[in-house]
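S.K.: For reference, the structure I am asking about is given below.
The values are calculated or read from the model by the stated rules, or taken from the named source; none is laboratory data. Here the structure is a predicted model, which means the values were calculated and not measured. All Cβ positions, even for glycine, are placed from backbone atoms using ideal geometry, and neighbour counts span all protein chains on display.
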Amino acid sequence: RSKAGGRNCMTFYEASMQSSAMQRLTLIADLRRALPERQFVLYFQPIVCLSDGAIAKAEALLRWHRPGTGLTLPDQFIVVAEDSGIIHELGDWVFDQAASMAVRWTAMLGQDFQVTINRSPIQFQPNAPGLDWVAHLRARGLDPACINVEITEGVLLNLSDDVQTQLDTLSAAGVDLAIDDFGTGYSSMSYLKRLDIDYLKIDKSFIAGLGTDVTSTTITETIIVMAHKLGLKVIAEGVESAVQRDWLVKHGCDFAQGFLFSYPLPAKDFEARLTGEVPWSERLFENSGET
Ligand code: C2E
Ligand code: MG
Ligand code: MG
Ligand code: MG
């Protein structure tokens, strides 16, 4: 409370600071309850192989049925989950669930089906309290090759020996690694020399401009060429139109993900399409499939 404002005269600035601090505390309290009360749910979005149209894998995307608010997207809570440390337990829950689905769908299809998981930079901090993912998979009798791990360039900024060891342990066990939102981070690309990266995911901001914005188009084309010369595969994120898809096919992009193919879906809706029970063309609007 500022002196200049006098008693009983909180400035608008202070009032809004207080209410946003309150909202944050409420959010943290709600997040802590959410895991034991089973309010989190994973949605799955297909990743399509552009050479044959097959559904190659799926990305697990976190959703929260927040009481009083409804279905809540990660942008509304991941940062607070990270700052409060909740991300360790939450990220391990995502991992365990996603691995279970990968194994289930592999068995159902009779061929490998990988689920890709977003792992927060916080989960890579030294002495982070989370699970050892490789040991956990082995303990459950699951093949580490059933999952891919997506990391952002933020994890690789000033790549430490410790983070390098963690990533090497994952890739040595057979977990494929992908760089998410590629092209938007601040890190140098020297990590590509030090790590066994399998996929670059081109950020959706570049895909949005394909064919219309010269800079986005040039960047996308250059990433594809560079990745292929380095022996990496490319996944285009945020593909929304047939024009974008056709451009990507023509320029040899390996995989695509986006609303053109499917919104992220609850597991049962995803599974019904994966097994052919429901056609992919029967589209659900995002977040309509409440479980
Ligand atoms: P991301 O990993 O880059 O995930 C892709 C985001 O793009 C998802 O947003 C997805 O719904 C959205 N998307 C997919 N196709 C399209 C499209 O055609 N157009 C547009 N405009 N968007 C599309 P979502 O699910 O809201 O997730 C946002 C971010 O939250 C993710 O970005 C990821 O960074 C983070 N996130 C999601 N789940 C987890 C998780 O389990 N753990 C962690 N640490 N982060 C997560
Ligand atoms: Mg991702
Ligand atoms: Mg590998
Ligand atoms: Mg992304």
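S.K.: Return the total of residues in region 1-53 being at pLDDT 95 or above, in a helix (DSSP H, G or I) and either aromatic (Phe, Trp, Tyr) or within 16 Å of ligand 4 (Cβ to nearest atom) (or both).
M.R.: 0
S.K.: Still on this structure, please answer the following. Which of (1) under 15 Å from Asn148 (Cβ atoms); (2) part of a strand (DSSP E or B); (3) aliphatic (A, V, I, L, M); (4) out of contact with any Phe, Trp or Tyr (no Cβ under 7 Å at 6 or more places or on another chain) is the odd one out, the single condition Leu61 does not satisfy?
M.R.: Here Leu61 meets the rest and fails (4).
S.K.: Let me ask you something else. If I filter region 111-124 for residues that are within 14 Å of ligand 2 (Cβ to nearest atom), of a type in the set (Lys, Arg) and touching a helix residue (DSSP H, G or I) at 6+ places or on another chain (Cβ under 7 Å), do I get at least one hit?
M.R.: yes
S.K.: Right, another one. Hey, can you tell me all the residues within region 209-246 that are within 21 Å of Glu150 (Cα to Cα), surrounded by 15 or more Cβ atoms within 10 Å (Cβ to Cβ) and of a type in the set (Gly, Ala, Ser)?
M.R.: Matches in region 209-246: Ala227, Ala236, Gly238.
S.K.: Pick out the one residue from Val239, Val243 that is part of a loop (DSSP other than H, G, I, E, B), away from ligand 3 (no atom under 16 Å from the Cβ) and not polar (S, T, N, Q). Reasoning before the result, please.
M.R.: On the way: Val243 fails: part of a loop (DSSP other than H, G, I, E, B).
It is Val239.
S.K.: Look at Ala60 and say whether it is within 28 Å of Leu274 (Cα to Cα), within 16 Å of ligand 3 (Cβ to nearest atom) and buried (at least 20 other Cβ atoms within 10 Å of the Cβ).
M.R.: Answer is no for this residue.
S.K.: Separate question: If we keep just the residues of region 184-205 that are away from ligand 3 (no atom under 16 Å from the Cβ) and within 18 Å of Glu59 (Cβ to Cβ), which is modelled with the lowest pLDDT? Break it down into steps so the answer makes sense when it comes.
M.R.: Looking only at region 184-205, we keep the residues that are away from ligand 3 (no atom under 16 Å from the Cβ), and these are 184-190, 202-205.
Retained after the next criterion (residues that are within 18 Å of Glu59 (Cβ to Cβ)): 184, 202-205.
On the way: Thr184: 93, Ile202: 98, Asp203: 97, Lys204: 97, Ser205: 97.
Here the answer is Thr184.
S.K.: Within region 180-233, work out how many residues are of a type outside the set (D, E, K, R), within 16 Å of ligand 1 (Cβ to nearest atom) and touching a Phe, Trp or Tyr at 6+ places or on another chain (Cβ under 7 Å).
M.R.: Total meeting the criteria: 8.
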